[in-house]
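Notes follow the structure.
Any read-out appearing in this document is the output of simple, stated calculations on the displayed coordinates, not a laboratory observation. Here the structure is a predicted model, which is why all the values come from computation and not from measurement. Don't worry about glycine lacking a Cβ; one is built from the backbone with ideal geometry, like all the others, and counts go over all protein chains shown.
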Amino acid sequence: MQFFLDDTLKRAWGDRDVFDYLENLQGEVYRAREGRRTFRFRSGDRHYFCKLHTGIGWREVIKNFSQGKMPVFGASNEWLAINRLQQLGIDTLHAVAFGKRGWNPARQKSFLVTEELTGTISLEDVADGWQDSPPAPGDKRRLIEVVARIARTMHGAGMNHRDFYLCHLLMAQSEADEGSSAARVEIPADPRLYLVDLHRAQMRAKVPTRWRIKDLAGIYFSALDAGLTRNDRLRFLRSYFDAPLREVLRDHDRLLRRVAQRALRLYQRDFGRLPRHL
């Protein structure tokens, strides 16, 4: 069994069996599917999110493998990913509790508890409406460079997200901006972005090309309606590869074409058409 509990929850929960306690804890359920439940709860004066895994069963394991997918067996993956991002200096969730018990991966029980992340807005919401009402060039430039730097750092360390979309990047807001509409949100001079939803992340010595393409296509797909210009896309590439544009376009032409093709396929699959503006 693996187990971690921060001091605040240790004091609050005492000698309880944490696995049993969380299984019976009532809270605001955000997602519930076979073998996994995500809910929000309060302890003391703080709010938390818990992802509780009770095992997906061998049928689901075999189904995932038959489809060429790596199944997510429990909370371990996200726990390790959060810790890895923190080591890399990338802002993410703050994990305060983790536990895993059982050797059978299809029946293994595990949980991950994170502090609620408040005062943030997703980049998907920030960019909503940019196509018709573009932000100040400097605001957009700063966000593009921060997103590119996160992707570069993550991939350079052998980690890929697998769900790398704008909705999983949360921008910290000032108190004055909290609750404002996305159109009125001020982009800080040094935007702070939190990378979240890490339960499918993978970590290796080096990110394979197919998974690098998936991440880059995901972030591009989710920004196709954000009114990005050619210069915006080139700025992202220059920052992501940390190299002169001429060198990037010469050395990575095939990879970039595959990224663009995959992003457009995703868009056509979801919307039944190609983007109106490229």
Exercise. If you place +1 on the Cβ of every Lys and Arg and -1 on the Cβ of every Asp and Glu, how big does the dipole about the Cα centre of the chain come out, in debye to the nearest 20?
Worked result: 1660
Seminar exercise, completed: Going from the fewest other Cβ atoms within 10 Å to the most, one would list MET1, MET154 as MET1, MET154
Exercise. With no solvent and one point on each alpha carbon, what is the Debye value of log10 I(q)/I(0) for region 93-180 at q = 0.11, 0.19, 0.25 Å⁻¹?
Worked result: -0.49, -1.08, -1.33
For this session: Could you calculate, for region 120-271, the ratio of the Cα radius of gyration to the Kirkwood radius, expressed as Rg to Rh?
Result: 0.95
Problem set entry | Calculated P(r) tail over 18 Å for region 127-177, as whole % of Cα pairs | 45
Problem set entry | Under 5 Å, built H, 5+ apart or other chain: amide partners of SER43 | TYR48
For this session: Work out the FRET efficiency for PHE271 and ARG11 from their Cβ-Cβ distance, taking R0 = 45 Å, and round it to the nearest 0.05.
Result: 0.35
Exercise. Can you give the charge dipole size of region 120-271 about its Cα centre, rounded to the nearest 20 debye, using +1 on the beta carbon of Lys and Arg and -1 on the beta carbon of Asp and Glu?
Worked result: 1220
Exercise. In degrees between 0 and 90, to the nearest 10, how far off the longest principal axis of the chain does helix 230-241 point, with axes built from Cα atoms?
Worked result: 50
For this session: Measure nothing fancy, just the Cα-based angle from helix 57-66's long axis to the longest principal axis of the chain, in degrees from 0 to 90, nearest 10.
Result: 20
Seminar exercise, completed: Between the modelled labels at ARG233 and HIS47 (7 Å from Cα along Cα→Cβ) the distance in nm is 3.9
Problem set entry | Ellipsoid equivalent to the chain - semi-axes via the Cα gyration tensor, in Å | 34, 23, 17
Problem set entry | Dipole of the chain, positive direction: furthest Cα of LEU193, GLN108, SER43, with charges on the beta-carbon | GLN108
For this session: Please sort 161-167, 40-46 by packing, taking for each peptide the average over its residues of neighbouring beta carbons within 10 angstrom, highest first.
Result: 161-167, 40-46
For this session: Kindly express, to the nearest 10 degrees and within the range 0 to 90, the angle between helix 209-221's C-alpha long axis and the longest C-alpha principal axis of the chain.
Result: 70
Problem set entry | Share, in percent, of DSSP beta bridges within the chain that are antiparallel, nearest 5 | 95
